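Encoded as structure tokens, the structure appears first; notes follow it.
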Amino acid sequence: MSDFTTSRQYMVDCQVRPSDVTDLRIIDAMLAVPRENFVPQSKRLTAYLDLDIDVAADGQPKRCLIKPAVLAKMLQAATISETDRVLVVGCATGYSAAVVAHLAAQVFATEPDPALANAAARNLADLGLANVTVSTAEPAEGDRAHAPYDVIVLDGATEVEPHKLYEQLKMGGRLVGVFATSQPPRATLIARSPADFGSRVLFDATAPVLTGLERRPAFTF
């Protein structure tokens, strides 16, 4: 067993399972995806720590793989089925999309940084995950070309209500992400019904805010 395989097992046993993640499909997916492949070579030894790991090039806006347990708990709440079409928003180098690819029929992933989007596509192809399509797009815009979706996963936090993403959900569809619209930030599930969008707070969580989903500064005189 390689050091990274051992680290992956420890991540699941010491971070994911103790966070009340009991869905065996998610656990198996996180054991199957080599997280070290999705971080820069210089940060590979941190790949399985309980951290948000910045994967952006030096001088570029921060882009992170969010904490494994936060991702796993959100995916469990989203109840992704093997027939679902899923949009992963702000996929960075593609780790979250790779995990979701083990759960869903089709995955569409967006990333605003073209270099990271290309890296994500390469990483996913290297793992033979042919059910994922990566495109370059701003997180707030989603991916209307492939909408509607059964599930939308925010691979990060939002400080505003992402209304354009809500509109890309099917009826009965779910959106999950960390909402920092108030304090403390909380992972939240949004569900679309014919009448409205309902929300359910899942748990307190922090994650880096996705580009374009930041709160606008208040105007002052």
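The values are calculated or read from the model by the stated rules, or taken from the named source; none is laboratory data. What you see is a predicted model; the values in this text were computed from it and never measured. Because the Cβ atoms are built from the backbone with ideal geometry, glycine has one as well, and the counts that use them run over all protein chains shown. Quick note on the areas: whole protein, heavy atoms, side chains included, nothing else; ligands and nucleic acids left out. Shrake-Rupley method; radii C 1.70, N 1.55, O 1.52, S 1.80 Å.
Taking the stretch 1-53 only, how many residues are aliphatic (A, V, I, L, M) and assigned to a helix (DSSP H, G or I)? Give the steps one after another, and end with the answer.
Filtering the stretch 1-53 down to residues aliphatic (A, V, I, L, M) leaves 1, 11-12, 16, 21, 24, 26-27, 29-33, 39, 45, 47, 49, 51, 53.
Of the ones still in play, those that are also assigned to a helix (DSSP H, G or I) are 11-12, 16, 24, 26-27, 29-32, 45.
Of the residues in the stretch 1-53, 11 are aliphatic (A, V, I, L, M) and assigned to a helix (DSSP H, G or I).
Out of the stretch 54-86, which residues are farther than 19 Å from V134 by Cβ and not in a loop (DSSP other than H, G, I, E, B)?
Matches in the stretch 54-86: D54, P68, A69, V70, A72, K73, M74, Q76, A77, A78.
Pull out all pairs, ordered by first then second residue, where Cβ-Cβ is under 7 Å, the residues are six or more apart or on different chains, the first lies in the stretch 20-39 and is farther than 14 Å from N123 by Cα, and the second is among the hydroxyl-bearing types (S, T, Y).
none
Give me a count of the residues in the stretch 1-22 that are crowded, with 16+ Cβ neighbours inside 10 Å and either among the charged types (D, E, K, R) or over 18 Å from the mean Cα position of the chain (by Cα) (or both).
Total meeting the criteria: 3.
Going by what's in this entry, would Y95 be described as touching a Phe, Trp or Tyr at 6+ places or on another chain (Cβ under 8 Å), over 15 Å from I152 (Cα atoms) and either open to solvent by 20 Å² or more (accessible area, probe 1.4 Å) or among the acidic types (D, E) (or both)?
On the way: touching a Phe, Trp or Tyr at 6+ places or on another chain (Cβ under 8 Å): yes; over 15 Å from I152 (Cα atoms): yes; either open to solvent by 20 Å² or more (accessible area, probe 1.4 Å) or among the acidic types (D, E) (or both): no.
No: the conditions fail for Y95.
Within the stretch 109-132, track down each residue that is closer than 20 Å to G177 by Cβ and open to solvent by 10 Å² or more (accessible area, probe 1.4 Å). Step through it out loud before you land on a result.
Initial filter on the stretch 109-132 (closer than 20 Å to G177 by Cβ): 109-113, 116-117, 120, 132.
Across the stretch 109-132, the qualifying residues are P112, D113, L116, V132.
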